[in-house]
1. Using r as the Cβ-Cβ distance of Met734 and Thr687, and R0 as 56 Å, what FRET efficiency do you calculate, to the nearest 0.05?
2. For a quick check of understanding: with a 1.4 angstrom probe and all protein chains in place, what accessible area in square angstrom does His876 have, to the nearest ten?
3. Return the lysines within reach of Lys739: Cα separation strictly under 18 angstrom, same-chain partners fewer than 8 residues apart disregarded; answer none if there are no such residues.
4. Measuring from centroid to centroid over Cα atoms, what is the spacing of segment 299-316 and segment 609-645 in Å?
5. Using the Cα centre of segment 283-385 as origin and beta-carbon charges of +1 (Lys, Arg) and -1 (Asp, Glu), tell me which of Tyr298, Val379, Leu366 is placed farthest towards the positive end of the dipole.
6. Using the Cα gyration tensor of segment 792-832, with a ≥ b ≥ c the square roots of its eigenvalues, what is the shape: rounded (a/c below 1.5), prolate (a/b larger than b/c) or oblate (neither)?
7. Per-residue accessible area for Ser17 at 1.4 Å probe radius, Å² rounded to 10?
8. Which order, highest average first, do 543-550, 98-105 follow once you tally other Cβ atoms within 10 Å for each residue and take the mean per peptide?
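The values are calculated or read from the model by the stated rules, or taken from the named source; none is laboratory data. This structure is a prediction, so every number in the text was calculated from the model and none was measured. Reconstructed Cβ throughout: ideal geometry from the backbone, glycine too, with neighbour counts over all protein chains shown. Just so you know, the surface numbers come from the protein's heavy atoms only, side chains and all, with ligands and any DNA or RNA stripped out. Shrake-Rupley method; radii C 1.70, N 1.55, O 1.52, S 1.80 Å.
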Amino acid sequence: MVFEWIMHLQDNEQLYSVVQSAPIGICILDAATFKAELLNDKFMEITGKPQEAIIGKWYWDPFSEAREAYEAALNNVAQTGETFHTDEAELMLVRHGREEMIFVTFVYAAVMNTAGKVTRIAVWAIENTWQAQKRRAIIASEERLRALITASSDVIYSLSADWEVMRELDGRGFLKDTHGPITGWRTRNVHPDDMEMVNATIDEAVRKKQIFQLEHRVLRADGSPGWTFSRAVPVLDDQGDIVEWFGTASDITERKRIENALREAREQADRQKRVYEAITSGTPDLMYVWDLDYHFTYVNSALLAMWGKTWDTAVGKGLRENGYEEWHAAMHEREIDQVRATKKPVRGEVAFPHATLGKRIYDYILIPVLNERGEVEAVAGTTRDITERKLWEEKLAQASEELQAINEEMVAVNEEQAASNEELTVTNEELTAMQQRLETSNHELEASSSRLRMAIESTRLGTWDYDPRSGALYWSKECREVYGLPEDQNPTFATFSEHIHPEDHDWVQRRIQKAIDPETGGHYELSFRIVRFGDGEIRWIKVQGTVYFDQGQAIRFIGTVLDITDIKTAEEQSAKLAAIIQSSDDAIISKTFESVITSWNAAAERIFGYTAGEMIGESIYKLIPEELHYEEPQILARLRAGQRVQHFETKRRTRDGRLIDVSLTISPVKDSRGNIIGLSKIARDITEKKLDETRKSDFIGMVSHELKTPLTSLSAIIQVTNTKLKASGDSFLMNAMEKANQQVKRMTTMINGFLNISRLESGKIHIEKQSFDIGELITDMIDEASLTVGSNQIRFERCPPIEVNADRDKIGSVISNLISNAIKYSPMAAAVEITCTTRDGQVIVSVKDEGMGIKPEDLGKIFDRYYRVEAAQTRHIAGFGIGLYLSSEIIQRHGGKVWAESEPGAGSTFYFSLPLETD
Ligand code: ADP
């Protein structure tokens, strides 16, 4: 049509104005010469060349750059008259002197005369560069979108306005029966338990025309229950009514499972931490951890108590800040450096003044805490007060000089000393072995955390996409959250690198390089620290990814990222505490209420000879000698009642059948809600201490015995002198002699006390029972006491006669001891009140005073041998700390009990009970 119309244009004038006003570029060529005869402004605009360069010229002169591609086509038009036409041809054109890639749609159309001969050729051109670029960009972004959809595990769906009909757009069949549009999908796919919630959220989204977003349970294609995260956006028409919904659903079943696993792991770590804390707070040893800058990062309650500080004022501080003297701080700092350099434990002994106890001697051991790469990251230590042992060793040495008889014993002691030196060497070796075990368990921890990691791998996490050629980096929303990158900033590889923790930076870079190297690369999986954008917080992340290669070049590097800081800190925490426990010299054992052992440290292995493998899962009764089996239920009953059992001395049997003396401290382990879930037990080997005590009482026994003979003669001499003096009537001498007599009596009582102890210990004390009235005995003892003390008022409400069957002398000495203590530890003239009652087949005697009283922490110990309360008030009161010990032994041998109640400053009441004969 158009051609014909042009053909009838005879007039050049007319032709010219049609060409000029055309909205497309036109250029008319002579068909024989290909010279341009006419062209319009639009043509010049498109070609970017001036009129004079084209008009009158051979067409290929100005368009030499296009000649090769289109000359043949133009020639063909001239010869055959057939129209040539291209659509959006991409071609290079020199416009305004510059080479440009442009898109043009153009036509070469023949103009024929009436005879049908081609006389002219019209070139029509339209530029499409802008549209073509835009279209390409759209295609590219569609491709990217498609790639993202393929890469994501999300299901993409559309929904009818009322949510009844659903169509899965990518047809992956995530939901049940979703091949094609489905109606009633809600009842079929939403988990019945979440139906109500889902419906309510849909209703609200429909009402408010807002985004629907929800995590809920679903029935998956295979009928199994799962979790999904669904998000749908309403599409609105001009009126603002909803036409349909468009949404995505991701399967978060695995994530939910991991969240649970993570929560459980954290709870487990918490529980473990509480166990450790219960343990470390129960020991009298000092336990602590330093970081490599010599700051305390952990301090147990015994150490805090010694410093008189709280956790907050002590932890995070250095040695000097916590009151260590310069030499002492410098020494430990050197040792920390040594442990760090050698990864070996350091053991030492140190003496320094204690705030309240005077000069003390301590034995300590420092051991390295290793991280998962086997580097030392902290130093854990345990310190034990060995002053008593040392003191006694010294005393024993003195005694040997004075008493020939002990000489031989000393030889034995020296030998033992040598043996214990050997033991120390063995201990050191054992410590190294212990270290190895710790390493093994660290590996186990690593293995279990890698299992956890594997589980995490299968979930959908933060994702990233890196093009190693262009350096372009894309981070998903979750990924940005992990790094703390604000939404208005784009990540680049350089900023990512800057945010790798300085200590991890270099090796992480090397691993990335390795991953994108076609020789070594492919898979990539690392855990390292990052410094978050914005807040600068240090977090642990786990990154993994896959590199895609094309002809030996890495073209795409895609992967996931997960924040694992919580897991890391939990691991570090328990590694530290485990090190403390391993460094302890005491056996530390956890067990259930059924007496089944659940943990067993290195010292337990050393003391009892059984390995952890042999004992975990076994009953604690394996260690208890048969005749002591009755103790365990008693201990459990006390713990069930929430009490703590401290310094309970008993015997245990080792693997090689030896009986050893142990002191037990047992605490209940509670969960976060305070329920008792198990027990932690610290057993200290006190065989050595017991031996010391035996030596001590042998020594005292011997000395007392030696003293008894001269004292008996002295007493006899006084008796004789007294009789003679009575005849002389010298009142001064008589009085002096009476005083001497009293002193000799006191001394005799004292020496008898010591002798009793040593008899008690060697089992030579005999109870000789007889029947007597306890009230009478009390009266006798009061009379005797009144002879020596004048000012105190002793009150005793006589009770009805109560017959007991017991050793009258020994019960008498118990009563006399309680009365003399009541007077000794009370001010002059204070009242002492004695009562005697019967209850539940027992007689109970009490002695009450209004004296200084006893602090709760001492109350449990005053019945121990040689125990005396250390205080300014008691320092000047004479005593050896044996009266109450003897009393309690005597009463126990009668099947009775001794106990005391006291309020410091207000007074104490001592009780004892004796069973009444029932027959
Ligand atoms: P001693 O009196 O010889 O030191 P005991 O075994 O009789 O030894 O007593 C042990 C410790 O118990 C005493 O050192 C004292 O601190 C404390 N004690 C005993 N009886 C009383 C009391 N009635 N009031 C206050 N403290 C007491």
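1. On the way: r = 55 Å, r/R0 = 0.98.
The value I calculate is 0.50.
2. Looks like 140 Å² after rounding.
3. Those lysines meeting the cut-off are Lys724, Lys726.
4. Here the two parts' Cα centres lie 31 Å apart.
5. Leu366
6. Working: a/c = 5.05, a/b = 1.62, b/c = 3.11.
Oblate.
7. The accessible area comes out at roughly 60 Å².
8. Details: 543-550: 16.8, 98-105: 14.4.
Descending packing order for the listed peptides: 543-550, 98-105.
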